[in-house]
Structures are given as structure tokens and as C-alpha cells.
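Just below is one structure, and these are the notes that go with it.
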Amino acid sequence: MNVLVTGGAGYIGSLTCVSLIESGYTPVILDNLSNSKLAAVEAIGSLTGKTPECHVGDIGDIALMVELLRSRKIESVIHFAGKKAVSESVSKPLDYYRNNVTGTLNLLAAMQEAGVRDFIFSSSATVYGEPKQMPVTENSPRSAVSPYGRTKLMIEHILEDLARAEPDWSLTILRYFNPVGAHPSGRIGEDSQGVPNNLMPYLAQVAVGRRDYLPIFGGDYPTPDGTAVRDYVHVLDVAEGHVAALRTHKGQVGVHTYNLGTGQGRSVLELFTAFSHACGRNLPSRLVERRPGDIAAIWAEISKAERQLNWRARRSLDEMCQDTWRWQSANPDGYRA
Ligand code: NAD
Ligand code: WQD
């Protein structure tokens, strides 16, 4: 079965292509390479023995997408393409609304025209805003604290409205918590352009000497060790969550929403200690001010995905760190090397 994977050359998309191929699906990638390299697609090929077809193009291009959906006999679409940097979304909100929201509308219009009705969307724990109760369930209140978060929330609302208006769609919303890690081969991982925004890639760059030290944003949160708590989940578990969603909901109409996390909160210091252990030395760090907009703690309630998708995150925090380190130490400059 052929699956269109937008953003399939990116971090989560490329690893999802590996899982799809290993499960017998044929991914067809559409990516404008604005935040990725073709080397990731080659790596998918060398890991699985099947290099996916990759079209360099934009989700702004409806005609191209209609043509791909029809000519490749696509049955489902997994939609990763989007911009994801929270701070950049504050300084360039229109770019985020255009790329993420308008881009998704264009993709849905192309699917409408081509008669494809199965859609899986990359949403984010960011749609829970600053949660009052932990862990967050799929029914916890939603809000957004950044333009990036609002794009995810808007798209969720668009999908819910679409399901009401056109009940023949199968629309799955996967809310990832904090995907980290890499393929255990060290061949595919997160290749941050510029200064990483997120904790794990920053830590990995400290470990290979590209950054001097890890700034720890805030030590006075109301958490056990004072640093902020998140639900880090191995990216391959997230990738496998897409295969589980595709298997379960292909052709099953309505909106299906799931948290993809481990259900366990870990502090910045816990991750820092686990990563130092994985790379075999104590890394330099400095406690600095809180990062504006950060929340103290969030982790997922995961029983819905367990029950309905028969999916659960299997990989440990140590594996997340070891796999990241294997990728970063083998590719200190990312795919450019
Ligand atoms: P990524 O930047 O590595 O991958 C996104 C891919 O989409 C890139 O290859 C990029 O080139 C491509 N792309 C962007 N705009 C495009 C466009 N207009 N047309 C075609 N291709 C385009 O990011 P990722 O970490 O793999 O994230 C994938 C998705 O998951 C994103 O939608 C992101 O918002 C969402 N998400 C990510 C995280 C995370 O922590 N990484 C957490 C929650 C949700
Ligand atoms: C984790 C913790 C930081 C960097 C963001 C997006 C969210 C989702 C995942 C896409 C926080 C601390 C970080 C550093 C640090 N992405 N930190 N030093 O903020 O939970 O979520 O990425 O949807 O939408 O908001 O992840 O990895 O940036 O931060 O101390 O150099 O690490 O303050 O507590 P976050 P993160």
C-alpha cells in the first residue's frame, strides 16, 4: 500500500519511512528540503534495502500533490511537513501560519480532489498549553502559548470541522510529546540547522564539542529537583505509533486522537545525567534563567493509544541517550559531513 509522507526527509518522517517499509508499506516522500537533506532518504534506503521515491516539492503546490496522489495510487497520507521552532514562530508568525496552516489546507484540498480520505497528522503536546492537571489525557483542555502551537491547534480544529462536514474521512491526530533519540545504527538522527532549540540535540552538540556547555533553563520550578519535567519518547517508538495508527484506522471514519509519550516525566537534570552516562563523561552545564514561555511540567496519559492502537513506547531513557550519542558521534556535523 502506497502512503504519501509529507516531510518524509525530516527527523521523525525519515524514521517513520523506515518503520513503514519494515511493515510492508511503500512510502512516497514529498519534502521541500527546507529543514532536511536527501542524505536522510539515502540512509532510509541503505537501512531497509528500499530507497523511497522522494519528490522535492512544497505542500503549497496543489497540482503537484493531486498528480502524486493519483499517479502513485496513494491510499493514505502522513503529514509531517511543517515548521517547528517555537521561538522563530514568535518572530515570523506569518511564515508559520502560511507554511503550516495554509500548507495543510492545500494538502487536504489535493486529497479531496484526488479522492484520498485517510490522513494522519503530526500534532504536539504543545496543544495542551500550560496544563492544570497531570498527566494530560486526550480530553484535557487545549490552548496555545505560541504561534507554532496555534498552528497545531488550528489544524486540529480544521480536521474536526472537516470530519463533521464530510463524514467519509479518516483523520488521525497524533500528539507527540518530546521525541528524541536516533536510529540505533547511528545512520539517521536529528540534524539541527544552526543552534538547536531543543534539549537533546543541544546536549548532543555539547558532547561533540560544537557548544561549550548546556544552559539549564531554570532550577526553581516546583518539581522534585527544580528543573522542568517533560515526557521524552524515543523517535522510533513515535515512528511505530504511525504504523499502528495506519493499521488501526485506515478506512475507519471520524477523528481519532492519541497522545504518543511514555507516560513518564523526566527532569532536565535526569536527561543530562543519562546523556553524560551514555557518552561516558560529565558534560559542562550552567544553570541560567528560565526560558520565557516554558512550562514547569507535562507528561502524557497513554492508555488510549495502548488500548486502541495496541501501541506503547518500549525504549528506555538510556536507549534514547545512547542512540542519540551514536548518531551524533558518528555524524558530528550532521548529514553535511
Ligand atoms: P523536521 O523539520 O525534521 O521535518 C519536517 C520536514 O518537513 C522537513 O524535512 C522539512 O524540509 C519539510 N517541510 C517543511 N515545510 C515544508 C513544506 N512547505 N513543503 C514540503 N516540505 C516541508 O521536523 P520533525 O521533528 O521531523 O517534525 C515533524 C512534524 O512533527 C512537524 O510537523 C512538527 O511540528 C511535528 N512535531 C515535532 C516534534 C519534535 O519535537 N520534533 C514534536 C511534536 C510535533
Ligand atoms: C525541554 C526542557 C527547556 C534546551 C518543544 C516545543 C514543543 C515540541 C517539543 C514540537 C525545557 C529545557 C532546553 C536547553 C534546557 N515541539 N532546556 N536547555 O520546550 O518541551 O517543547 O519541543 O511540537 O512544541 O515547545 O522541549 O527540548 O525545547 O525543552 O534547559 O538548551 O529542556 O527549558 O524545560 P519543550 P525542549
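The values are calculated or read from the model by the stated rules, or taken from the named source; none is laboratory data. If you're wondering where the values come from, they're calculated on a predicted model, not measured in any experiment. Don't worry about glycine lacking a Cβ; one is built from the backbone with ideal geometry, like all the others, and counts go over all protein chains shown.
What number of residues within the range 284-319 satisfy the criterion of being of a type outside the set (S, T, N, Q), in a loop (DSSP other than H, G, I, E, B) and within 21 Å of residue 188 (Cβ to Cβ)?
The total comes to 4.
Counting just the residues of the range 129-158 that are of a type in the set (A, V, I, L, M) and either farther than 27 Å from residue 292 by Cβ or assigned to a helix (DSSP H, G or I) (or both), which one comes out farthest from the chain's Cα centre (by Cα)?
158
Can you pull out every residue in the range 95-121 that is polar (S, T, N, Q) and more than 18 Å from residue 75 (Cβ to Cβ)?
If the condition is that a residue be polar (S, T, N, Q) and more than 18 Å from residue 75 (Cβ to Cβ), then 99, 100, 102, 104, 106 are the ones that fit.
Identify, by number, the condition in (1) over 23 Å from residue 294 (Cβ atoms); (2) away from ligand 1 (no atom under 16 Å from the Cβ); (3) in contact with a strand residue (DSSP E or B) (Cβ under 8 Å, 6 or more places away or on another chain) that residue 161 doesn't meet.
All conditions are met except number (3).
Could we say that residue 7 is surrounded by 19 or more Cβ atoms within 10 Å (Cβ to Cβ), small (Gly, Ala, Ser) and near ligand 1 (Cβ under 9 Å from one of its atoms) here?
yes
Which fully enclosed strands (runs of 3 or more DSSP E) of the range 164-251 have 1 or more residues being in contact with an Asp or Glu (Cβ under 7 Å, 6 or more places away or on another chain) and crowded, with 19+ Cβ neighbours inside 10 Å?
170-176, 178-180, 232-234
Counting just the residues of the range 132-155 that are buried (at least 19 other Cβ atoms within 10 Å of the Cβ) and farther than 20 Å from residue 171 by Cβ, which one comes out nearest to ligand 1 (Cβ to nearest atom)?
Across the range 132-155, the extreme among qualifying residues is 148.
So, of the residues in the range 18-49 that are within 10 Å of ligand 1 (Cβ to nearest atom) and not aliphatic (A, V, I, L, M), which turns out to be surrounded by the fewest Cβ atoms within 10 Å (Cβ to Cβ)?
34
Take the range 66-106 and flag every residue that is touching a strand residue (DSSP E or B) at 6+ places or on another chain (Cβ under 7 Å), farther than 23 Å from residue 197 by Cβ and surrounded by 17 or more Cβ atoms within 10 Å (Cβ to Cβ).
Residues satisfying the conditions are 68, 69, 74, 75, 76, 77, 78.
Got a sec? Which of 12, 21, 29 is closer than 24 Å to residue 156 by Cα, more than 16 Å from ligand 2 (Cβ to nearest atom), hydrophobic (A, V, I, L, M, F, W, C) and in contact with a strand residue (DSSP E or B) (Cβ under 7 Å, 6 or more places away or on another chain)?
Going through 12, 21, 29 in turn, just one is closer than 24 Å to residue 156 by Cα, more than 16 Å from ligand 2 (Cβ to nearest atom), hydrophobic (A, V, I, L, M, F, W, C) and in contact with a strand residue (DSSP E or B) (Cβ under 7 Å, 6 or more places away or on another chain): 29.
Which members of the range 279-294 meet the condition of being surrounded by 14 or more Cβ atoms within 10 Å (Cβ to Cβ) and under 13 Å from residue 269 (Cα atoms)?
The answer is 283, 285, 287.
Consider the range 172-202. How many of its residues are within 15 Å of ligand 2 (Cβ to nearest atom) and acidic (Asp, Glu)?
So the count comes out to 1.
Of these, 322, 328, which one is at pLDDT 95 or above, more than 30 Å from residue 222 (Cα to Cα) and assigned to a helix (DSSP H, G or I)?
Answer to the selection: 328.
Only one of these is in contact (Cβ under 8 Å) with a residue 24 or more places away in the chain, more than 10 Å from ligand 1 (Cβ to nearest atom) and in a loop (DSSP other than H, G, I, E, B): 101, 66, 116. Name it.
Step by step, each of 101, 66, 116 is checked, and only 116 is in contact (Cβ under 8 Å) with a residue 24 or more places away in the chain, more than 10 Å from ligand 1 (Cβ to nearest atom) and in a loop (DSSP other than H, G, I, E, B).
Output yes when any residue across the range 169-185 is farther than 22 Å from residue 27 by Cβ and touching a His at 6+ places or on another chain (Cβ under 8 Å), and no when none is.
So far as the range 169-185 goes, yes, one or more of its residues are farther than 22 Å from residue 27 by Cβ and touching a His at 6+ places or on another chain (Cβ under 8 Å).
Out of the range 288-302, which residues are modelled with pLDDT of 95 or more and either under 20 Å from the mean Cα position of the chain (by Cα) or within 23 Å of residue 149 (Cβ to Cβ) (or both)?
289, 290, 291, 294, 295, 296, 297, 298, 299, 300, 301, 302
If you check 278, 245, which single one turns out to be in contact with a Phe, Trp or Tyr (Cβ under 8 Å, 6 or more places away or on another chain), of a type in the set (Gly, Ala, Ser), more than 29 Å from residue 163 (Cα to Cα) and away from ligand 2 (no atom under 13 Å from the Cβ)?
Step by step, each of 278, 245 is checked, and only 278 is in contact with a Phe, Trp or Tyr (Cβ under 8 Å, 6 or more places away or on another chain), of a type in the set (Gly, Ala, Ser), more than 29 Å from residue 163 (Cα to Cα) and away from ligand 2 (no atom under 13 Å from the Cβ).
List the residue pairs whose Cβ atoms are under 7 Å apart, where the first residue sits in the range 146-165 and is among the polar types (S, T, N, Q), the second is within 16 Å of ligand 1 (Cβ to nearest atom), and the two are 6 or more positions apart or on different chains.
Taking only residues 6 or more apart or on different chains, the pairs are 146/86; 146/89; 146/90; 146/293; 151/96; 151/97; 151/100; 151/101.
Residues in the range 161-182 that are charged (D, E, K, R) and either touching a Leu at 6+ places or on another chain (Cβ under 8 Å) or under 16 Å from residue 83 (Cβ atoms) (or both): how many?
Of the residues in that region, 1 qualify.
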